[in-house]
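Presented below is the structure to which this report refers.
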Amino acid sequence: MEALDFNHNTVLVVMSCIIALVAGFTGLSLTRNLSEKSVTQKKLSVALASVALGGGIWSMHFVAMLGLQLPVLFYYDAAVTLMSALTAILIVGAALILLHFTERTPWVIGAAGAIVGVGVLAMHYIGMAGLELCRAVYTTVGILASGGVAIMLCMLAFGVAYGHRTNRNILLGTLCFAAAVCSVHFFAMAGTQFVSVPRVAEFGPAMSNEILAMGVIFSSFVIFGAFLWVSITYLVPASDGPATALAVADVEAPALHIPCERDGGKVFVAPGDVALVRADGHYTQIYTPHDRLFCVWPITEATKRLLPAGFLQTHRSYLVNPAKVARFERSKDKGRCLFDGDSLPPAPVSRSKLKATQDALSVPVGATRA
């Protein structure tokens with residue numbers, strides 16, 4: 001079949017890139033400071049960020065496709081078009097779950113970026129499969145180039161945005177994310193030809209460009225609305241001044257207080273009141289002399305924040321407050337820290353942490369701290 005000539009509307013191409021930028025900034029901003037939120041709040045934020053990023057990928061693609069100009073009439077399969085949007089949202093959601101509900105290492109960040117890259121690629125080609133009355137014909141070079149660009153740029157975007165969660169890095173990550181989404185689309189389109197086909201596939205109802213435009217306008221409105229919503233969080237401290245910023249900090253919690261949950265509500269515990277911190281899966285249990293509380297911090301986050309406050313890491317899963325340790329017992333090449341009161345379990349001391357713990361507690365080798 002003879003390939004059709006096509007070109008793009010420049011205004012819609014520019015708009016599609018702006019949508020990618022706005023969606024990237026919104027999604028990456030929605031996942032800030034999740035370590036200080038409850039599990040329910042984290043789930044909600046991850047879900048909203050998935051919709052923002054995945055919906056932005058979909059909206060960028062179809063705004064650009066609205067600017068596609070072909071010499072023949074063509075439609076879209078509504079079911080396939082919807083499938084492409086849901087695919088993008090679900091795959092991005094899987095990547096964000098990996099980032100926020102597992103230990104965040106460089107390998108995890110890289111894997112999450114690669115997953116999002118695959119999601120961008122899958123969304124593009126599923127969306128293209130929804131064309132009716134014309135068919136996209138791909139080249140191997142176009143598929144490989146768009147796939148490589150998708151994965152590498154998304155890994156870069158998430159590496160920047162999640163390496164250090166600063167406002168500057170979120171902005172740089174946004175630029176990389178938008179570059180990834182736009183590059184995938186236009187690299188893939190550069191390696192695509194279109195041919196006219198006589199019949200409409202009957203997978204789902206046919207949808208014209210006019211109907212698609214209504215859907216894209218609605219999704220873009222939601223994304224821009226969410227963008228304005230998250231942007232306020234960047235403006236409040238600067239516009240209200242130091243006094244208000246200090247008041248907000250006092251309401252939320254001092255920097256060195258530990259966010260915990262009790263009876264469905266959030267409480268903040270001072271490190272000095274804590275005797276023991278124990279890993280519990282991806283979270284931790286906080287022990288005070290009179291209570292045991294759930295904390296959303298993973299043990300790695302608790303270690304990073306509490307070691308400067310004077311805590312000791314006696315085991316990869318345990319942190320202790322040396323001021324609360326009543327006795328230290330050693331058994332061969334291991335040990336344990338004991339606390340006053342029956343409600344506090346002993347904290348094991350591993351072989352690798354034994355000498356450092358003894359030195360910190362000023363316990364001579366072979367002796368007991370009473």
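Any read-out appearing in this document is the output of simple, stated calculations on the displayed coordinates, not a laboratory observation. Just so it is clear, the model here is predicted, and its values are computed rather than measured. Glycine also receives a Cβ, built like all others from the backbone with ideal geometry; neighbour counts cover every protein chain displayed.
Numbers for the structure displayed
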{"read-out": "Two-decimal Rg/Rh across region 7-241, once Rg and the Kirkwood Rh are taken from alpha-carbon atoms", "value": "0.99"}
{"read-out": "Helix runs (DSSP H) in the chain reaching 18 Å along axis by Cα, Kyte-Doolittle at least 1.0", "value": "10-30, 39-66, 78-100, 106-129, 140-163, 167-190, 209-252"}
{"read-out": "Dipole of the chain, positive direction: furthest Cα of 198, 141, 326, with charges on the beta-carbon", "value": "326"}
{"read-out": "Check: region 258-361 dipole with +1 on Lys, Arg Cβ and -1 on Asp, Glu Cβ, in debye", "value": "480"}
{"read-out": "Residue with peak Gaussian network fluctuation, the chain [Cα springs, cutoff 10 Å], from 235, 175, 256", "value": "235"}
{"read-out": "Distance between region 271-312 and region 216-230 - C-alpha centres, whole angstrom", "value": "39"}
{"read-out": "Spatial separation of Cα centroids for region 16-39 and region 41-106, in angstrom", "value": "13"}
{"read-out": "Relative contact order, percent, the chain [alpha-carbon distance under 8 Å, six or more residues apart]", "value": "15"}
{"read-out": "Neighbour-count order for 38, 50, fewest beta carbons within 10 angstrom listed first", "value": "38, 50"}
{"read-out": "Interchain or long-range residues, amide H under 5 Å from residue 284's placed H", "value": "295, 297"}
{"read-out": "Those lysines that a straight Cα-Cα span of less than 22 Å connects to residue 304, excepting residues fewer than 8 apart in one chain", "value": "37, 42, 266, 324, 353, 355"}
{"read-out": "Length added when fully stretched, residue 3-residue 103, from 0.36 nm per residue minus Cα-Cα", "value": "31.0 nm"}
{"read-out": "Cα-only radius of gyration and Dmax that characterise region 39-107, units Å", "value": "16.0, 52"}
{"read-out": "Translational D in µm²/s for region 258-361 (Stokes-Einstein at 25 °C, 0.890 mPa s, Kirkwood Rh from C-alpha pairs)", "value": "180"}
